[in-house]
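Heads up, the thing below is written out as structure tokens.
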Amino acid sequence: VQLVESGGGLVQAGGSLRLSCTASGSGFSAKAMGWYRQAPGKQRVLVAHIIKGTSSINYVDSVKGRFTISRDNAKNTMYLQMNSLKPEDTAVYYCNSAPPSARWGKGTLVTVSS
């Protein structure tokens, strides 16, 4: 499965962005998927994940109540709605299976200005 992230950009603190992850190939709907981010100088971390249905969703504490992960298996697409963005959310955001495969996309850069 090839994954392409989009939707990043520059936004002021308190603003919103919606990221998309489009998968090509088969098997997307059967996979648990996650959004990861890598801030400058830091390791890549999982911030949200969703199982193949939508009955189990988990977030890292720092984004709870602000980010919403969702998926549309019919469109082979996963989303991350990010509200009330903070400068510390600045990072390159990636999608991958959860746990991740070795194959990462290019990611999409989110920059939150103060």
(message) Nothing charged except the Cβ atoms of Lys and Arg (+1) and of Asp and Glu (-1): what's the magnitude of the dipole of the chain about its Cα centre? Round to the nearest 20 debye.
(response) 160
(request) Post the alpha-carbon centroid distance, region 10-50 to region 63-81, in whole angstrom. (result) 8
(request) Pull up the cross-link candidates among the lysines for Lys42, meaning alpha carbon to alpha carbon under 20 Å and not fewer than 8 places away within one chain. (result) Lys86, Lys106
(message) Just to confirm, what accessible area per residue do you get for the chain at 1.4 Å probe, in whole Å²?
(response) 52
(request) Could you list which residues have their amide H under 5 Å from that of Ala32, counting only those 5 or more apart in sequence or on another chain, with H placed in the peptide plane? (result) Lys52, Ala98
(message) With +1 assigned to the C-beta of every Lys and Arg and -1 to the C-beta of every Asp and Glu, and no other charges, what is the dipole magnitude of region 60-99 about the Cα centre in debye, to the nearest 20?
(response) 120
(request) Quantify, in whole percent, the carbon and sulfur part of the accessible surface of the chain (1.4 Å probe; protein heavy atoms only). (result) 50
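The values are calculated or read from the model by the stated rules, or taken from the named source; none is laboratory data. Note that the coordinates shown come from a computational prediction; the quantities given were computed from them, not determined experimentally. All Cβ positions, even for glycine, are placed from backbone atoms using ideal geometry, and neighbour counts span all protein chains on display. SASA here: full protein model, heavy atoms, side chains in, ligands and nucleic acids out. Shrake-Rupley method; radii C 1.70, N 1.55, O 1.52, S 1.80 Å.
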